Amino acid sequence: MASERYNPQDAEPKWQARWAEADVFRTENDDDRPTYYVLEMFPYPSGRIHVGHVRNYTMGDVVARYKRAKGFNVLHPMGWDAFGMPAENAAMQNRVHPKDWTYENIAAMRGQLKLMGLSLDWSREFATCDVEYYAQQQFLFLDFLEKGLAYRRTSKVNWDPVDHTVLANEQVIDGRGWRSGALVEQRELTQWFFRITAYSQDLLDALDGLDRWPDKVRLMQQNWIGRSEGLRIRFAFETPPSGGDTALEVFTTRPDTLFGASFMALSPDHPVAQACAKDNAALAEFIEECRRMGTSVTAIETAEKKGFDTGLRVRHPFVEGHTLPVYVANFILMDYGTGAIFGCPGHDQRDLDFANKYGLPVVPVVLPPDEDASGFRIFEEAYTGDGTLINSDFLDGLTFPDAKEAVAKRLEDVTLDGSAQAERQINFRLRDWGVSRQRYWGCPIPIVHCPTCGAVPVPKADLPVRLPDDIEFDKPGNPLDRHPTWRDVACPQCGAAARRETDTMDTFVDSSWYFARFTAPTAETPTDTEIVDRWLPVDQYIGGVEHAILHLLYSRFFARAMRDTGHLKLAEPFNALFTQGMVTHETYRNDAGEWINPADVDISEREGRRTARLAATGEAIEIGPIEKMSKSKKNTIDPSDIIETYGADTARWFIISDTPPDRDIQWTDAGVEGSQRFLQRVWRFITDANRIRADFSESKPESMDATGTEIRKAVHKALVAVESDIEALAFNRAVARIYELVNTLMRIQQSLDETPSPSVRWALREAVDYLVHMMAPMTPHFSEECWAMLGQSDMVSVRPWPNAEPTLLVESTITLPVQVNGKRRDEIVVDADASQSDVEGAVLALESVQKFLDGKTPKKVIVVPKRIVNVVA
RNA sequence: GCGGACGUGGUGGAAUUGGUAGACACAAGGGACUUAAAAUCCCUCGGAGCAAGCUCUGUGCGGGUUCGAGUCCCGCCGUCCGCACCA
């Protein structure tokens with residue numbers, strides 16, 4: 001029976017096996033065709049794939065399959081971002097080795113991904129925890145070290161005293177460790193850094209050239225890099241502090257407000273503050289208090305501006321005899337600028353709050369354009385806008401850019417202790433990237449610490465530094481520190497007893513260059529320079545917007561650092577970036593307020609009213625808001641369940657339908673079932689068409705009849721539309737085009753008589769052929785099954801994309817809407833090449849237009865060729 | 001606080017970038033087929049007015065530019081996101 005249903009449970013494993021057998025998705029590096037590298041952000045092997053992965057990898061696969069059909073040599077690899085804390089947490093909780101846990105998860109997830117029918121070159125697969133990969137990363141580290149792009153210094157860190165580890169700022173919640181809940185301490189630790197700031201300006205400038213990145217991401221990176229131009233000014237101390245410098249340096253972007261300065265403020269960590277605290281117990285206590293306050297968001301928002309007068313005073317650079325008090329203040333950051341500011345209360349809100357609290361003078365020096373100088377006062381609100389200078393001696397009357405320039409010029413020429421009192425400076429918010437982690441499950445930093453030679457790089461001949469397998473997780477902290485033998489080595493330089501560096505690298509390092517490694521995953525060096533330059537930059541990178549800053553910025557840094565160490569030739573790794581939206585789902589709760597998984601809920605809808613019940617017991621369930629899928633709200637869907645029930649193609653089709661791929665998509669059962677129904681509908685259509693279509697060997701009739709032409713026009717127009725939609729990653733529009741085409745074709749097919757003409761039969765053959773091709777990137781198994789049904793012996797996955805015939809895309813006549821006074825009143829069919837005056841004449845003759853003109857002559861007739869006609873009465 | 005994005009039927013969303021608003025889909029309602037269900041097919045579906053062709057109205061709100069505005073400009077309202085004591 002030809003009307004059998006399409007059965008994905010049989011078809012999908014069959015085609016997956018056929019693809020694997022023929023090895024059709026293996027990519028060779030030496031191939032004459034143009035290259036196309038499409039990459040989706042590789043997953044962390046948590047154990048199960050989630051629907052977000054399905055969305056991400058389906059989008060990439062559509063592009064990969066489409067580009068392959070378009071004649072490109074496509075690189076579409078997959079790997080695993082496999083180092084990281086969850087493996088160690090699992091080790092502590094379940095007494096499994098992080099390595100076993102990780103590789104088992106990878107095996108499970110690889111199996112799940114294979115069920116999706118992705119056209120991946122699995123021969124290039126690797127995990128970042130493979131020693132072959134992290135060994136190469138250690139080479140890179142040594143090369144960076146040699147170039148000064150990696151270095152070591154002490155730095156303040158958030159230290160969790162219970163877990164014995166450093167925490168990132170995001171892992172500190174209200175001053176406590178996110179896992180342990182312990183009060184976080186500030187500790188000075190010696191840490192390894194990558195000198196990302198060496199490229200601050202370049203990373204910023206090059207954003208302009210990334211015109212195929214979302215503006216949003218570029219802007220976020222721009223803000224993150226945070227360039228500001230200003231002046232570094234030295235204020236002479238009236239009486240220098242003990243052992244300190246003779247002048248205090250500050251950075252400011254508002255040198256124009258210098259005459260409004262009424263105090264100086266130091267960070268509690270500023271050397272001068274530290275020095276003063278030595279003989280001032282009260283100040284030492286104040287500094288301690290500032291430290292305890294913490295860095296959490298709420299602490300910062302609610303904290304009162306507080307200060308402590310050190311008793312020191314500095315001289316105003318322009319006003320002879322005028323001195324300013326020096327405070328230590330809790331709102332000054334040590335790691336921005338110089339860790340010291342001059343406070344101008346009139347034009348900075350924080351400075352104003354501070355000045356009001358401590359009774360310091362408030363002198364307005366910038367007058368808003370619409371204010372009168374004599375009446376202008378500042379009380380509770382600082383004026384931060386534009387204006388002209390007042391109360392400022394030689395600056396009076398200048399606009400504020402001019403004033404900035406005037407101050408800079410004058411201070412550059414004034415000397416203080418033999419050097420200029422000020423210099424222009426560009427400051428960045430971006431800081432060097434601390435990569436040390438006190439963790440086991442990461443890439444070991446290839447360094448040996450020798451009591452005499454210091455930090456000595458492990459010679460390249462001795463690489464890799466392998467992670468030892470025999471470790472214990474019985475105590476918190478880094479097990480490498482407690483390993484009985486691993487850390488004890490001879491110094492590579494002097495041979496004396498020395499210790500290995502036990503810190504491992506931040507896992508963001510692993511993901512900063514994996515895209516390069518995919519081009520030659522077994523090379524003896526980090527990259528094969530010959531091959532990597534052929535593939536990079538990645539033509540299309542696809543992933544979540546949550547990586548807009550860190551991962552993408554680090555990767556851009558790595559490309560530059562790898563270029564400067566000879567591993568690459570380019571600076572920008574990703575030519576085009578696409579950030580996909582999240583997957584959301586309704587939430588459900590029972591009477592007790594517990595979250596319920598969608599799989600356990602039955603939904604019914606009558607007269608627009610939706611109700612939910614627990615499938616097992618019939619208990620009423622409350623339907624909550626639609627939210628991002630999360631374990632905590634239990635509103636997750638397991639892709640494996642969906643694939644088992646409906647097949648991968650249904651899941652793939654659903655996830656790219658309807659919603660634009662950069663927006664959040666709502667997962668609904670109804671939507672999935674709709675996708676399933678559509679595939680069955682196409683199956684029926686092709687089955688029916690197959691009965692009446694012409695044989696593939698039959699030649700094209702000399703001339704097409706009207707119905708044949710109608711079919712062909714619909715098909716060829718859909719083809720070019722689908723092409724441009726896929727090129728634009730507008731998969732939802734491509735899907736809508738295909739729906740439209742199938743509707744049209746089915747309508748025509750239903751109206752055919754018993755024995756259609758040769759033209760129609762031939763057109764129908766072409767129609768199903770093209771339809772199968774158009775759907776193949778989205779629903780590959782289904783398309784193969786259709787292709788086989790049409791009697792083809794090869795696979796549609798290796799077939800070229802069909803060509804549209806230009807003559808079928810143009811119409812000889814067009815339908816123009818006719819407006820009278822901007823309102824649509826009628827439409828008119830005209831020749832495509834009709835002259836404007838012909839169109840105008842025809843429109844004015846229309847009865848509908850006459851009716852609205854009411855015998856009068858129109859003032860004006862606007863004819864927009866091939867668009868619209870508007871009659872102005 | 002600073003920066004940015006968005007607002008279209010019951011729902012997801014189209015709209016060739018200033019030219020027929022609501023393509024396509026989901027949901028809902030009605031009908032056909034069936035002993036029945038599933039599956040499938042047909043019809044209706046922004047609002048108001050008449051049975052219907054038809055008319056008016058309609059893209060968060062208020063103005064403006066234009067022959068013509070979902071699209072451009074100004075001012076509000078709302079939602080979401082990023083950064084945040086950055087001098």
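Computed quantities for the displayed model
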item: Quotient of Cα Rg and 2.2 N^0.38 Å for the stretch A:108-231, N being how many residues it contains; result: 1.47
item: In nm, spacing of pseudo-spin labels at A:Asn89 and A:Asp854 (7 Å Cα→C-beta vector); result: 7.5 nm
item: Computed Rg/Rh of the stretch A:401-446, alpha carbon atoms with Kirkwood Rh; result: 1.42
item: Counted charge near A:Gln666, where neighbours are those whose Cβ lies closer than 15 Å (Asp, Glu -1; Lys, Arg +1); result: -2
item: Tilt relative to chain A, helix A:550-564 - C-alpha long axis, 0 to 90 degrees, to 10; result: 80 degrees
item: Per-selection Kirkwood Rh - the stretch A:322-380 (Cα, Å, 1 d.p.); result: 13.0 Å
item: Antiparallel %, DSSP beta bridges [both residues in the stretch A:486-637], to 5; result: 75 percent
item: Gyration tensor (alpha-carbon) shape descriptor, the stretch A:716-804, a/c threshold 1.5; result: oblate
item: Listed pairs A:Lys14/A:Lys99; A:Lys357/A:Lys404; A:Lys67/A:Lys114; A:Lys99/A:Lys475 exceeding 22 Å between Cα atoms; result: A:Lys14/A:Lys99; A:Lys357/A:Lys404
item: Over 24 Å between alpha carbons, listed pairs A:Lys147/A:Lys216; A:Lys70/A:Lys569; A:Lys70/A:Lys713; A:Lys713/A:Lys866; result: A:Lys147/A:Lys216; A:Lys70/A:Lys569
item: Amide H contacts under 5 Å for A:Glu827, placed H, 5+ residues apart; result: A:Val818
item: Net charge of neighbours whose Cβ lies under 10 Å from the Cβ of A:Arg693, counting Lys and Arg as +1 and Asp and Glu as -1; result: -2
item: Eligible lysines near A:Lys156 by straight Cα distance, threshold 24 Å, same-chain separation 8 or greater; result: A:Lys278, A:Lys305, A:Lys306
item: Antiparallel %, DSSP beta bridges [both residues in chain A], to 5; result: 80 percent
item: Cα extents of the stretch A:581-630 along the three principal axes, largest first (Å); result: 33, 27, 16
item: Packing-based order for A:755-767, A:368-380, A:812-824, using average beta carbon neighbours within 10 Å, highest first; result: A:755-767, A:812-824, A:368-380
item: Alpha carbon centroid spacing (whole Å) that separates the stretch A:385-407 from the stretch A:4-62; result: 63 Å
item: Centroid-to-centroid separation of the stretch A:65-96 and the stretch A:610-624 [C-alpha atoms, Å]; result: 37 Å
item: Estimated [θ] at 222 nm from DSSP helical runs (n ≥ 4, -39500 (n - 2.57)) normalised by residues in chain A, nearest 500; result: -11000 deg cm²/dmol
item: Surrounding net charge for A:Glu766, when Lys and Arg each add one and Asp and Glu each subtract one, Cβ distance under 13 Å; result: +1
item: Order by protection proxy (mean Cβ within 10 Å, highest first), peptides A:557-569, A:119-131; result: A:557-569, A:119-131
item: Order of A:Leu745, A:Leu167, A:Leu809 under a 10 Å beta carbon neighbour criterion, fewest first; result: A:Leu809, A:Leu167, A:Leu745
item: Global size of chain A as Cα Rg and Dmax, reported in angstrom; result: 34.7, 109
item: Nearby aspartates and glutamates by direct alpha-carbon distance to A:Lys631 (threshold 17 angstrom, same-chain neighbours under 8 apart not counted); result: A:Glu586, A:Glu594, A:Asp600, A:Asp641
item: Under Karplus coefficients 6.51, -1.76 and 1.60, residue-wise ³J(HN,Hα) of the stretch A:681-693 in Hz, glycine/proline x; result: 5, 5, 4, 5, 4, 5, 4, 5, 4, 4, 5, 10, 6
item: Mean Cβ count within 10 Å, highest first, over the residues of peptides A:786-799, A:45-58; result: A:45-58, A:786-799
item: Under 16 Å from the Cα of A:Lys860 - lysines, other chains or at least 8 residues apart; result: A:Lys823
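The numbers here are math on the coordinates, done by the rules we state, and not lab data. Quick caveat, the model's predicted, so the values are computed rather than measured. All Cβ positions, glycine included, derive from the backbone under ideal geometry; neighbour counts span all protein chains shown.
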